[in-house]
Amino acid sequence: MQVEPKGRMYLFLFCTGLLVLAGMLPGCQSHHGAPDKAKTKQPDTVKVFQLRPDVLALTADFRPFWNYWYDSIDLTRDFLPLNTKGETLSKLEFLKQLHTGRYMPVITRIERPDRKDFNQDIYTYQLLRVPSSCAPAIKSTIVQLTGMAIHDYKMEGKPLPDFNLTAIDGKRYTNESCKGRIVVIDTWFVHCSACVFEMPELNKWVYQNKDRKDVLFLSFCLDNKSTIEKFLQKQGFAFNIVADARDYIEQKLEIQQFPTKILVDKSGKIVRIGSYASIRREMEKLAGIRTVAAIQRW
């Protein structure tokens with residue numbers, strides 16, 4: 001997640017600032033929530049890991065909380081949602097309860113199929129009550145992140161908002177011209193360090209699908225054409241790039257954090273909005289791709 005060029009404060013900058021003060025950046029390895037032991041295979045094809053995260057330790061201050069969330073929680077992925085009693089909820093109800101700021105989402109179970117294609121582990125997320133001693137910054141961060149997750153979840157199954165945009169190479173893209181293809185959309189801006197960091201992995205992804213005529217990788221950028229072209233002299237990016245897409249990104253897609261990916265099916269409907277890892281999992285299912293390529297974070 002990143003802050004956009006004119007200084008609008010997004011959550012990543014807020015979280016990173018707190019961690020800089022604490023002497024640690026997000027993404028560092030955390031031992032909280034590590035599997036305590038592997039269970040017996042069920043039945044010969046699935047490994048089950050039961051986890052017992054310590055919510056008191058995770059919410060003692062912002063650093064352990066953010067390390068755990070960054071490394072372990074992805075609200076855009078498919079997961080089995082449970083309430084505090086271990087009862088099954090719908091994903092939307094899970095997110096709504098989490099949005100109150102009274103709970104912390106934790107992984108309590110992972111079912112891992114014994115196979116080497118794309119990662120389709122089944123995760124169980126459970127709501128655990130946040131202790132009264134929890135720092136206000138942790139609660140506000142959970143509320144903000146969950147609010148964005150609810151918005152993105154409600155967009156699933158809806159048509160991609162109408163667009164008529166021209167890429168920097170002169171090609172024009174519209175909803176109609178993209179129908180019949182699976183579309184992977186990346187939203188970013190030049191000074192987004194998180195966006196730039198994952199570009200080499202995204203380039204590999206595009207190359208792996210270079211023979212798929214039914215898959216289109218399209219990026220919508222906040223910056224103008226000249227800024228992008230100057231950036232591309234130092235960093236290659238294999239997506240088809242649309243410049244000056246701020247209005248579409250902010251007004252129609254209502255995206256507030258970067259980078260964010262969007263997966264659109266061949267009929268033009270949104271399948272998933274989320275991280276690279278989440279979108280890649282869904283795209284590979286949608287396109288019937290089987291690969292041993294590693295996905296960061298998962």
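The condition (being without any contact (Cβ under 8 Å) to a residue 12 or more places away in the chain and outside any strand (DSSP E or B)) is satisfied by just one residue among SER226, SER267: SER226. Restricting attention to the range 41-100, the residues being in contact with an Asp or Glu (Cβ under 7 Å, 6 or more places away or on another chain), surrounded by fewer than 17 Cβ atoms within 10 Å (Cβ to Cβ) and hydroxyl-bearing (Ser, Thr, Tyr) number 1.
Taking the listed residues SER278, SER219, the one that is within 16 Å of the chain's Cα centre (by Cα), in a strand (DSSP E or B), outside the structural domain of ILE122 (by TED's automatic domain parsing) and not aliphatic (A, V, I, L, M) is SER219, with no other qualifying.
Exactly one residue out of LYS179, LYS204, LYS158 is surrounded by fewer than 16 Cβ atoms within 10 Å (Cβ to Cβ) and either closer than 23 Å to GLY236 by Cβ or small (Gly, Ala, Ser) (or both): that is LYS204.
Checking each residue in the range 167-176 for being closer than 13 Å to VAL242 by Cβ and either of a type outside the set (Ser, Thr, Tyr) or surrounded by 15 or more Cβ atoms within 10 Å (Cβ to Cβ) (or both) picks out ALA167, ILE168, ASP169, GLY170, LYS171, ARG172, TYR173. If the condition is being closer than 15 Å to GLU284 by Cα and not charged (D, E, K, R), then the range 177-194 contributes ILE182, VAL183, VAL184, ILE185.
The values are calculated or read from the model by the stated rules, or taken from the named source; none is laboratory data. Everything quoted here is computed from the prediction, not taken from an experiment. Every residue, glycine among them, receives a Cβ derived from its backbone with ideal geometry; neighbour counts consider all protein chains shown.
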